[in-house]
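Provided herewith is a single structure, encoded as structure tokens, for subsequent inquiry.
The values are calculated or read from the model by the stated rules, or taken from the named source; none is laboratory data. Treat the numbers as computed from the prediction; the structure is a model and nothing was measured. Cβ placement follows ideal geometry from the backbone for every residue including glycine, while neighbour counts extend to all protein chains displayed. Note: areas computed on protein heavy atoms with side chains; ligands, DNA, RNA excluded. Shrake-Rupley method; radii C 1.70, N 1.55, O 1.52, S 1.80 Å.
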Amino acid sequence: MRESRAPWLSFAVVVVAAMALIPLGISRSRTTASPSASARSVPPGWTTFSPSDRAFQVVGPAGAQTSILNTSMGPAHQADFASGAYTVTWLDVPLGVTDTEALQQGKVGLLRPLVGRVADEEADLTDNGYPGFGLTITVDGTTYDVRLFAASGRLFQVVGSASVGSSSVQDARAFVESFQLT
């Protein structure tokens, strides 16, 4: 069941740079989530992953699968961990779009499919001075922990998902919180 919903989260970042900022009707519960990773233990078998350009690093299950997604805006890169339970997707935003604008467009793309749902948590974040946004939401028995960051002409989306009530919910949060721009 999770695979059927993962694409709208994983690929939301692919279309965000082409979208204009529009008002949304999503209900939100704002929290004061910490922008820094908490002191969570790393699950056994997890390693640090960084793409060839070293734009970021994340700690996740070993054996990340990387791919390039062809989009109308150009290539988007994706690192997929644990058969899609954890992903990082990143793409270049159009020239002339500021990091703040790219983040706002990313939020629109992420929130559009969630209109009418209530977020469990939502917070504005920063990473190395770059703007970010965090959202945790439960949809049909799956918890999605999502972070967006815009940095130097790129938009990054980090997603961890797990079935509600499973021990994997903590692992999904640890994955997302381990993400760091470098």
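Before we move on, is Gly134 touching a helix residue (DSSP H, G or I) at 6+ places or on another chain (Cβ under 6 Å) and closer than 22 Å to Val169 by Cα?
No.
Pick from Gly132, Gly116: which is among the small types (Gly, Ala, Ser), open to solvent by 10 Å² or more (accessible area, probe 1.4 Å) and touching a residue at least 60 places away in the same chain (Cβ under 8 Å)?
Of Gly132, Gly116, the one residue that is among the small types (Gly, Ala, Ser), open to solvent by 10 Å² or more (accessible area, probe 1.4 Å) and touching a residue at least 60 places away in the same chain (Cβ under 8 Å) is Gly116.
Quick check on my filter: what residues within the stretch 63-80 are under 14 Å from Gln157 (Cβ atoms) and modelled with pLDDT of 95 or more?
Result: His77, Gln78, Ala79, Asp80.
Further question: Kindly indicate whether Phe175 is closer than 14 Å to Val58 by Cα, aromatic (Phe, Trp, Tyr) and open to solvent by less than 10 Å² (accessible area, probe 1.4 Å).
So Phe175 passes the test.
Still on this model: Only residues that are more than 29 Å from Gln170 (Cβ to Cβ), small (Gly, Ala, Ser) and open to solvent by less than 10 Å² (accessible area, probe 1.4 Å): list them for the stretch 58-113, please.
Ala102
Pairs under 9 Å by beta carbon, first residue closer than 18 Å to Gly160 by Cβ in the stretch 63-88, partner open to solvent by 30 Å² or more (accessible area, probe 1.4 Å) and of a type in the set (Lys, Arg), six or more apart or different chains?
From residues that are closer than 18 Å to Gly160 by Cβ, the pairs are Gly84/Arg2; Ala85/Arg2.
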